[in-house]
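J.: The structure is given below, and queries will be raised subsequently.
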Amino acid sequence: MGYTGDVTVGGPRDLRVLDEIEVRKLAVGPSDNNAYLLTCRRSGAQLLVDAAAEPDRLLALVREGSPSARLDLVVTTHRHLDHTRALASLGTTTGAPLAAGAPDADAIAETTGATISRPLHDGDTLVVGHLTLEVIGLRGHTPGSVTLVYREPEHASAPEAVPGRAHLFTGDSLFPGGVGSTSNDPDRFALLYADVTEKLFDRFDDATWVYPGHGADTTLGTERPHLDEWRERGW
């Protein structure tokens, strides 16, 4: 059976193997957070998206991708505590540098005691082995929320590959069924809705895969018909 993205806390990880990359998805912690390990198949370099909770399970995930527990970078998608509970522990254990959106970096450091050595900005590029990922800033859920973008090569030929398909690791900015919480603040909602629409839906096609911070995966094609409904309801 291929990758589904359906994981539960305490259950096994799911694995997607593409031409250049392996994506491992694991559900952790009391808030049912998703953590994602991205492994470069050529170099063995690895990036973890959201050290949310359960550092021992996250370390086991890292070791599955690399028996030496190689971890080249941890990216925190935003500053909320449920996405950072294991950050300090995993950073100390692996020695991996820590990255987060610049507007959220100080708050993450204050609540976790972990030092964000790489503040991220909209348009930045991250290189992990032979993988290249783009950083997209999506304001509204928090000021410094970031999405990571990986795009499959045009010559992709793996069984589950789609040549040129984009993969978005969206944290809590985009989910199946809507954008992330903006605490009933219409100004924050308008900001997040505009960023998600202009930077994601207007730019990427329907095949684009979305890996959110909680729950099931989705695609932009699945969500696109509902954009007007989201705007009208205001969440």
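The values are calculated or read from the model by the stated rules, or taken from the named source; none is laboratory data. Computed from a predicted structure; not experimentally measured. Counting neighbours? That spans all protein chains shown, and the Cβs are built from the backbone with ideal geometry, glycine included. Each accessible area value is taken on the protein alone, full model and side chains, heavy atoms only, with ligands, DNA and RNA left out. Shrake-Rupley method; radii C 1.70, N 1.55, O 1.52, S 1.80 Å.
J.: Considering only residues that are among the small types (Gly, Ala, Ser) and assigned to a loop (DSSP other than H, G, I, E, B), look in the stretch 33-56 and name the one that is farthest from Leu73 (Cα to Cα).
T.: Ala53
J.: Next question, about the same structure. Got a number for residues in the stretch 183-204 being under 20 Å from the mean Cα position of the chain (by Cα) and part of a loop (DSSP other than H, G, I, E, B)?
T.: Residues in the stretch 183-204 being under 20 Å from the mean Cα position of the chain (by Cα) and part of a loop (DSSP other than H, G, I, E, B): 3 in total.
J.: Could you say whether any residue in the stretch 206-225 is of a type in the set (Asp, Glu), in a helix (DSSP H, G or I) and either under 21 Å from Gln46 (Cα atoms) or under 19 Å from the mean Cα position of the chain (by Cα) (or both)?
T.: Taking every residue of the stretch 206-225 in turn, at least one turns out to be of a type in the set (Asp, Glu), in a helix (DSSP H, G or I) and either under 21 Å from Gln46 (Cα atoms) or under 19 Å from the mean Cα position of the chain (by Cα) (or both).
J.: Here's a follow-up. Quick one: which of Val28, Val7, Val17, Val49 is under 14 Å from Tyr150 (Cβ atoms), touching a strand residue (DSSP E or B) at 6+ places or on another chain (Cβ under 7 Å), β-branched (Val, Ile, Thr) and in contact (Cβ under 8 Å) with a residue 24 or more places away in the chain?
T.: Val49
J.: Give the number of residues within the stretch 160-182 that are assigned to a loop (DSSP other than H, G, I, E, B) and at pLDDT 95 or above.
T.: Qualifying residue count for the region: 12.
J.: Sticking with this structure for a sec: Return yes when Val49 is crowded, with 18+ Cβ neighbours inside 10 Å and of a type in the set (Val, Ile, Thr) and no when it is not. Quick ask: steps written out before the conclusion?
T.: On the way: crowded, with 18+ Cβ neighbours inside 10 Å: yes; of a type in the set (Val, Ile, Thr): yes.
Taking the combined requirement at face value, the residue satisfies it.
J.: Condition first: in contact with a Lys or Arg (Cβ under 9 Å, 6 or more places away or on another chain) and either open to solvent by less than 10 Å² (accessible area, probe 1.4 Å) or touching a residue at least 40 places away in the same chain (Cβ under 8 Å) (or both). Now tell me which residues in the stretch 206-219 satisfy that.
T.: First, pick out the residues of the stretch 206-219 that are in contact with a Lys or Arg (Cβ under 9 Å, 6 or more places away or on another chain): 206-209, 211, 217.
Once the filter is applied, which keeps residues that are in contact with a Lys or Arg (Cβ under 9 Å, 6 or more places away or on another chain) and either open to solvent by less than 10 Å² (accessible area, probe 1.4 Å) or touching a residue at least 40 places away in the same chain (Cβ under 8 Å) (or both), the stretch 206-219 yields Ala207, Thr208, Trp209, Tyr211, Asp217.
J.: Quick check on the stretch 11-29: of everything there that is in contact with a Lys or Arg (Cβ under 9 Å, 6 or more places away or on another chain) and in a loop (DSSP other than H, G, I, E, B), which residue is surrounded by the fewest Cβ atoms within 10 Å (Cβ to Cβ)?
T.: From the stretch 11-29, those in contact with a Lys or Arg (Cβ under 9 Å, 6 or more places away or on another chain) are 13-29; that's our starting set.
Within this subset, residues satisfying the condition of being in a loop (DSSP other than H, G, I, E, B) are 13, 18-20, 29.
Details: Arg13: 18, Leu18: 21, Asp19: 15, Glu20: 19, Gly29: 18.
In this case the residue turns out to be Asp19.
J.: Of all strands (runs of 3 or more DSSP E) completely enclosed by the stretch 57-156, which ones contain at least 3 residues that are surrounded by fewer than 18 Cβ atoms within 10 Å (Cβ to Cβ) and aliphatic (A, V, I, L, M)?
T.: Values: elements: 73-76, 98-101, 118-120, 125-128, 131-137, 146-151.
Once the strands (runs of 3 or more DSSP E) in the stretch 57-156 are filtered for at least 3 residues that are surrounded by fewer than 18 Cβ atoms within 10 Å (Cβ to Cβ) and aliphatic (A, V, I, L, M), nothing remains.
J.: To continue, here is another question. Being within 14 Å of Arg233 (Cα to Cα) and crowded, with 19+ Cβ neighbours inside 10 Å is the filter here; which residues of the stretch 157-187 pass it?
T.: At the first step, the residues of the stretch 157-187 found to be within 14 Å of Arg233 (Cα to Cα) are 177-187.
Of everything in the stretch 157-187, those that are within 14 Å of Arg233 (Cα to Cα) and crowded, with 19+ Cβ neighbours inside 10 Å turn out to be Val179, Gly180, Thr182.
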